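Novice: Attaching a single structure in structure tokens format; questions to follow.
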Amino acid sequence: MDWTILQQYGPLLLSGFGTTILCWALGTVFSMVLGLLIALLQRYGPRPLGWVIQAYIEIIRGTPFLVQLFVLYYGGPLIGLRLDALPAGLLGLTIYGSPYFAEIFRSAFNAVPLGQIEAARAIGMSELSIIRRILLPLGLVSALPALVNFSIILTKETVILSIITVPELTYQTQRMSTETFRYIEANLALALFFWALVETISRVGRKLEKRVTRHLIERT
Amino acid sequence: MPGASSVEIRKVNKHHGQFHALKDVDLDILPGKVTCLIGPSGSGKSTLLRCINFLDEYESGEIRIDGQLIGYQSPGGARMPGRTLREIRRSIGMVFQQFNLWPHMTALGNVTEGLIRVRGLPKTEAERRAREALEKVGLSDKMASHPSRLSGGQQQRVAIARTLAMEPRLMLFDEPTSALDPELVGEVLNVMKTLATEGMTMVVVTHEMGFAAHVADQVAFMEKGELVSVDVPDKILHNPQDSRIKAFLRTYHERNSF
């Protein structure tokens, strides 16, 4: 192995890593927000809308991200949707992640005890206030471990953005290996970067979990 | 108590799926009086109680609070708009078997929540009233505690303070002591007795026969969705005529004779 190659390609890999983090962070936030919206519409919206949403969830979950991205990036222009690689990648991640987040939120909302919602109804609180003050805070807390977990899964879905030429880390390491034939070094570097990212997310996630549950755990 | 509510229940029916939970129930809840609902489990007492504030929706008949029909615009008519229902609910307090405090808020936060979100009071005024309500139930030293740090009895007293702060004219209690350890039952019943002497209209689903005997103005016995009999406590508890009431009370006497 020859690690001196990293001196030459270091800046390129770092910029790729930056793009990876950007895609992951924005993709996670966007798909989480969309997922939350879907879960709320599913819970409160009219039934036909629920069926449409269910179909969306099944279709997106039932097909590979690779295929979705191809359709969006190469098929999009056929219907007038012409996006650059990065926006297309972000949109793709948002669509791909949303049904998983929606399902996490749906089950978290179902886990909020009905009695606590009834207590709010019984004093005359509006459904909107109940969502804001009871359902969301309690639901988000119980969803947190699963949200962190799926965010971690999403880090590794970003590598697929390389096929539509988003200059993220995988794209750059592939460039490095085709230019230098240092496949092992390139892939090890790729693995290390991802491991560092995932480790950071999971540590932050655990801290956050501890913080938000500190009042909810029964101490007798 | 000024403005204590009355409730008229007329020919109310309710199904849970195939199960006929309430069968033509008639009952008058008198203003400023305590009505206890007793009967075996599954007899419909909790369902009837939950129909009074329309948490459970009755299908036919009428429930009127101070003459105002709840849940429907007219008897057998369309559902009442959510806003009107919420307005009626503001003046009806409800206390649940499982307390149902909001675990992410302190005791004080649980009480101020409705005052701020429903009554629209400014925070300082809401906190002043919440403190008063918590003092009344004997919890002035627990205001900053979250429910996870409180005993069952304390949680239930916070729940009572939460509804009291809203200044209800009618309070519904759904087996308020059934989830409590026996030694914690007394503290909750004492708060309820105080409310009763102050002239609050109360409807209490309970298995505490002592409370029913000493505090209730009338006791209603239910079985299999029917309101079998309603009378003063002494008549129902010590001098029952109906064989179903006798059989029900016998299980209590057997259990408590040691």
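The values are calculated or read from the model by the stated rules, or taken from the named source; none is laboratory data. Fair warning: this is a prediction, and the values are worked out from it, not measured in the lab. Backbone-built Cβ (ideal geometry, glycine too); neighbour counts: all protein chains shown. Areas reflect the complete protein model, heavy atoms only, side chains present, ligands, DNA and RNA absent. Shrake-Rupley method; radii C 1.70, N 1.55, O 1.52, S 1.80 Å.
Novice: Can you pull the accessible area of residue B:232 for me, 1.4 Å probe, Å² to the nearest 10?
Specialist: Spelled out: residue B:232, probe radius 1.4 Å, area about 70 Å².
Novice: Using a 1.4 Å probe on the heavy atoms of the protein chains only, list every residue of segment B:125-173 that has 40 Å² or more less accessible area in the complete assembly than in its chain alone.
Specialist: Flagged in segment B:125-173: B:146, B:148, B:149.
Novice: Just to confirm my numbers, what's the Cα centroid distance between segment B:118-145 and segment B:38-83 in Å?
Specialist: Centre-to-centre distance over Cα atoms comes out at 30 Å.
Novice: Could you tell me the relative contact order of segment A:19-166? Use alpha-carbon pairs under 8 Å, at least six residues apart, and round to a whole percent.
Specialist: Relative contact order of segment A:19-166: 37 percent.
Novice: Let me ask something else about it. Go from 0 up to the bin containing the longest alpha carbon distance in segment B:36-171, width 5 Å each, and give me the % of pairs per bin.
Specialist: Whole-percent P(r) values from 0 Å outward: 2, 10, 18, 19, 17, 14, 11, 6, 3, 0.
Novice: Once the Cα atoms of helix A:5-44 and of chain A are each reduced to a long axis, what angle between those two axes, in degrees from 0 to 90 to the nearest 10, is obtained?
Specialist: It works out to around 20 degrees.
Novice: Just the number, please: carbon plus sulfur as a percent of the accessible area of chain A, 1.4 Å probe, no ligands or DNA/RNA counted.
Specialist: Numbers: 7700 of 11520 Å².
Carbon plus sulfur share of accessible area: 67 percent.
Novice: Let me ask something additional. What is the helix-to-structure angle for A:85-111, meaning the angle in degrees between its Cα long axis and the longest Cα principal axis of chain A, kept from 0 to 90 and rounded to the nearest 10?
Specialist: 30 degrees
Novice: Could I ask something else about it? Return the single residue from B:116, B:160, B:52 with maximal mean-square fluctuation; model: Gaussian network over chain B, springs between Cα atoms under 10 Å.
Specialist: Comparing B:116, B:160, B:52 in a Gaussian network model of chain B, the most mobile one is B:116.
Novice: A further question follows. Decide, for chain B, between rounded, prolate and oblate: order the square roots of the alpha carbon gyration tensor eigenvalues as a ≥ b ≥ c, take rounded if a/c falls under 1.5, and otherwise choose prolate if a/b is larger than b/c, else oblate.
Specialist: Details: a/c = 1.90, a/b = 1.22, b/c = 1.55.
Here chain B falls in the oblate category.
Novice: How many angstrom lie between the Cα centre of segment A:119-140 and the Cα centre of segment B:181-224?
Specialist: 29 Å
Novice: Where in chain B are the helices, taken as whole DSSP H runs, whose Cα atoms extend 15 angstrom or more along the long axis and whose Kyte-Doolittle mean reaches at least -0.5?
Specialist: Result, helices passing both filters: B:107-117, B:152-164, B:182-197.
Novice: Here's a follow-up. Taking the alpha-carbon centroid of each part, what is the distance from segment A:155-220 to segment B:6-23 in angstrom?
Specialist: 58 Å
Novice: Rounded if a/c is under 1.5, else prolate if a/b is larger than b/c, else oblate: which is the protein assembly as shown, with a ≥ b ≥ c the root eigenvalues of its Cα gyration tensor?
Specialist: prolate
Novice: Which of the listed residues, B:17, B:4, B:55, is farthest toward the dipole's positive end in segment B:1-65, when Lys, Arg count +1 and Asp, Glu count -1 at the beta-carbon?
Specialist: Highest projection toward the positive end goes to B:4.
Novice: Then there's this: Just to be sure I understand the interface: list residues from segment B:87-107 that lose 40 Å² or more of accessible area between the chain on its own and the complete protein assembly, 1.4 Å probe.
Specialist: B:89, B:100, B:102, B:103, B:104
Novice: With +1 assigned to the C-beta of every Lys and Arg and -1 to the C-beta of every Asp and Glu, and no other charges, what is the dipole magnitude of chain B about the Cα centre in debye, to the nearest 20?
Specialist: With Lys and Arg at +1 and Asp and Glu at -1, about 600 debye.
Novice: Tell me, which residues of segment B:36-80 get at least 40 Å² less accessible area when the other protein chains come in, versus the chain alone (1.4 Å probe)?
Specialist: Flagged in segment B:36-80: B:55.
Novice: I've got another one for you. Rank these residues by their accessible area, most exposed first, probe 1.4 Å: A:24, A:3, A:195.
Specialist: A:195, A:3, A:24
Novice: If you take the accessible area of A alone plus B alone and subtract the pair, what total do you get in square angstrom, rounded to 100, with a 1.4 Å probe?
Specialist: 2200 Å²
Novice: For the protein assembly as shown, with only Lys/Arg (+1) and Asp/Glu (-1) charged at the beta-carbon, what is the dipole magnitude about the Cα centre, in debye rounded to 20?
Specialist: It comes to approximately 540 debye.
Novice: So, with a 1.4 angstrom probe, what is the percent of accessible area on segment B:186-258 that is carbon and sulfur?
Specialist: The nonpolar share, carbon plus sulfur, comes to 49 percent.
Novice: For chain B, what is the calculated [θ] at 222 nm in deg cm²/dmol (nearest 500), taking -39500 (n - 2.57) for each run of four or more DSSP H residues and dividing by its residue count?
Specialist: Mean residue ellipticity at 222 nm (helix-derived): -11000 deg cm²/dmol.
Novice: Specify whether the C-alpha gyration tensor of chain A places it in the rounded, prolate or oblate class, a ≥ b ≥ c being the square roots of the eigenvalues: rounded for a/c under 1.5, otherwise prolate if a/b is larger than b/c and oblate if not.
Specialist: The shape class here is oblate.
Novice: Which of B:45/B:136; B:224/B:246; B:11/B:45; B:11/B:224; B:14/B:45 have a Cα-Cα distance over 22 Å?
Specialist: B:45/B:136
Novice: Select from B:144, B:196, B:126 the residue whose mean-square fluctuation is largest in a Gaussian network model of chain B (Cα-Cα springs shorter than 10 Å).
Specialist: Ranking B:144, B:196, B:126 by mean-square fluctuation puts B:144 first.
Novice: Find the accessible area per residue for the protein assembly as shown; the probe is 1.4 Å, ligands and nucleic acids are left out, and the unit is Å².
Specialist: Each residue of the protein assembly as shown exposes 47 Å² on average to a 1.4 Å probe.
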